[in-house]
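Data block below; observations after.
Bear in mind these aren't lab numbers, they're just calculated from the coordinates by the rules spelled out. For clarity, every value in this text was computed on a predicted model and none was experimentally measured. So basically every Cβ, Gly included, is an ideal-geometry build from the backbone, and we count neighbours across all protein chains shown.
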Amino acid sequence: MKLSIDSYCYHRYFGEYYAGLQEEIRERRTVWQILERAKRLGCAGISLESCYLPAQEGTFRQELKKALERRNLEVVWAWGHPDGLRSGIDRQAEADLVRHLEYAREIGARVMRIVGGSWRSRPPRWNEHRRQMLPVLRRVVRQAERTGIVLALENHLDFTADQLCDLMQTVDSPYLGVCLDTANNLRIYEYPVEVAEKLAPWVRATHIKDIVAYRGDPRTFGFWPSVPLGEGAVEIPRILEILRQAGYSGLLAIEIDFLHPRYKSEDRAVARSVRYLAGLLEQMSKNMSD
């Protein structure tokens with residue numbers, strides 16, 4: 001498993017912020033700066049949120065591939081923020097996903113994170129949600145097979161663990177797996193360790209995230225802010241061990257979304273998380289060699 005970050009940690013530096021929860025900042029960073037920061041932190045990989053990049057430009061994709069190769073960074077191409085396929089009803093988004101398979105291939109990615117939807121788009125009943133998602137997943141998986149890219153569907157506040165398992169078992173393709181976000185299902189009241197145990201056989205990408213209960217309505221996103229790894233409610237060591245036992249060897253991509261207000265800097269929170277995760281990986285390696 002490889003120490004990594006997701007560029008979404010720096011979403012405010014790309015001009016995005018959670019209105020009512022975060023303030024807009026003036027400082028901006030380029031993808032080149034984010035790549036360099038990841039390398040200096042000792043990361044072996046990066047998950048790149050394509051929504052912040054001029055991905056449609058061929059020249060940019062060529063430059064990006066070279067920049068990744070120079071830094072020896074493995075990459076996951078991340079598509080679909082924030083609402084992805086809108087729970088299976090957005091055919092324009094589906095076409096965009098298919099285009100991004102080629103983009104992912106061109107920059108050297110083997111895995112592409114995809115978003116099925118969000119709490120905003122999911123139907124109230126699973127039967128309806130399932131009926132919407134399965135046809136589109138089957139179609140995009142056929143395209144993924146053509147390009148050789150594995151799709152990793154994120155638990156994005158739109159699926160319970162059992163629902164994602166249902167989709168994986170039904171589609172049953174080596175080109176469709178899961179992007180396991182370690183914290184998102186706690187926000188819909190599922191135990192993260194049990195979520196990891198259920199989804200581990202299909203994990204092909206990750207968002208390693210920690211969160212805490214804050215204030216207000218626990219049914220809202222703002223109740224569950226991100227914190228540096230090891231400082232919240234998610235049992236990261238147990239989840240890493242579950243992934244190891246399942247044979248996962250891909251990126252462990254640290255992700256911070258709405259950072260708890262007591263932490264002033266996303267960059268410092270990322271650095272603390274990197275140190276914590278690096279320590280866990282070192283200890284796991286030592287335990288395996290003893």
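Structural descriptor for the chain: relative contact order 18 percent, calculated from alpha carbon pairs under 8 angstrom and at least 6 residues apart. Three principal axis extents of the chain based on alpha-carbon atoms, in descending order, are 48, 45, 42 Å. For L176, the residues whose amide H sits under 5 Å from its own are L151, ignoring neighbours fewer than 5 places away on the same chain, with H placed 1.01 Å from N. By the rule of a C-alpha distance below 15 Å, with chain neighbours fewer than 8 residues away ignored, the aspartates and glutamates paired with K2 are E74, E241, E255, E282. Amide H contacts for S47 (H built 1.01 Å from N in the peptide plane; partners 5 or more residues away or on another chain; cut-off under 5 Å): I5, D6, S7, V76. Here the range 2-289 is assigned +1 on the Cβ of each Lys and Arg and -1 on the Cβ of each Asp and Glu. Its dipole about the Cα centre then comes out at about 460 debye.
Add +1 for every Lys or Arg and -1 for every Asp or Glu among the other residues with Cβ under 12 Å from the Cβ of F221, and state the total.
Details: positive: R120, R187, R219; negative: D217, D257.
Local charge sum for F221: +1.
Among R131, R86, R122, the largest mean-square fluctuation in a Gaussian network model of the chain, built with springs joining Cα atoms closer than 10 Å, belongs to R131.
Here the mean projected area of the convex hull built on the C-alpha positions of the range 171-290 is 8.1 nm². Classified by the C-alpha gyration tensor, the range 1-109 has an oblate form. Its axis ratio a/c, with a ≥ b ≥ c, is 1.5 or above, and a/b does not exceed b/c. Placing a pseudo-label 7 Å from each Cα along the Cα-to-Cβ vector at A233 and K286 gives an inter-label distance of 3.1 nm.
With a sphere of radius 13 Å drawn around the Cβ of G232, what net charge do the other residues whose Cβ falls strictly inside it have (Lys, Arg +1; Asp, Glu -1)?
Working: positive: R187, K209, R262, R272; negative: D210, E231, E235, E255, D257.
For residues surrounding G232, the net value is -1.
So if each residue of separation counts as 0.36 nm, and I subtract the Cα-Cα distance between W32 and C165, what length gain in nm does that give? Don't skip to the answer; put the middle values down first.
Working: separation 133, 0.36 × 133 = 47.88 nm, distance 3.64 nm.
Length gained, W32 through C165: 44.2 nm.
Computed from the C-beta positions of F221 and A95, the FRET efficiency with R₀ = 25 Å rounds to 0.30.
Once you have a ≥ b ≥ c as the square roots of the Cα gyration tensor eigenvalues for the range 129-197, tell me rounded if a/c is under 1.5, and otherwise prolate or oblate according to whether a/b is larger than b/c. Each step should come with its number before you reach the end.
Numbers: a/c = 2.45, a/b = 1.80, b/c = 1.36.
Cα axes put the range 129-197 in the prolate bin.
Overall form of the range 236-290: prolate. Here a/c, set by the Cα gyration tensor axes a ≥ b ≥ c, is 1.5 or more, and a/b is the larger of a/b and b/c. Here the Gaussian network model covers the chain, with springs between Cα atoms less than 10 Å apart; of N155, N127, N72, N127 fluctuates the most. Distance check, please: which entries in K264/K286; K209/K286; K65/K198; K66/K264; K39/K264; K65/K264 exceed 28 angstrom between their Cα atoms? Exceeds cut-off: K264/K286; K65/K198; K66/K264; K65/K264.
Under 13 Å from the Cβ of Q22, count the other residues' Cβ atoms, weight Lys and Arg +1, Asp and Glu -1, and hand me the total.
Numbers: positive: R12, K264; negative: E16, E23, E24, D257, E266.
Summing Lys and Arg as +1 and Asp and Glu as -1 gives -3.
Suppose we keep just the DSSP beta bridges with both residues in the chain; what percent of those would be antiparallel, to 5? Could you put the intermediate results ahead of the total?
On the way: 2 of 31 bridges.
Bridges in the chain that DSSP calls antiparallel: roughly 5 percent.
Which residues make up the longest stretch of the chain that has no GluC sites (Glu not before Pro) in a DSSP loop with at most 15 other Cβ atoms within 10 Å? Longest run free of exposed loop sites: 58-290. Here the Gaussian network model covers the chain, with springs between Cα atoms less than 10 Å apart; of R125, R61, R71, R125 fluctuates the most. Among the chymotrypsin sites (Phe, Trp or Tyr not before Pro) found in the range 167-214, those both in a DSSP coil and sparsely packed, with 11 or fewer other Cβ atoms within 10 Å of their Cβ, are Y189.
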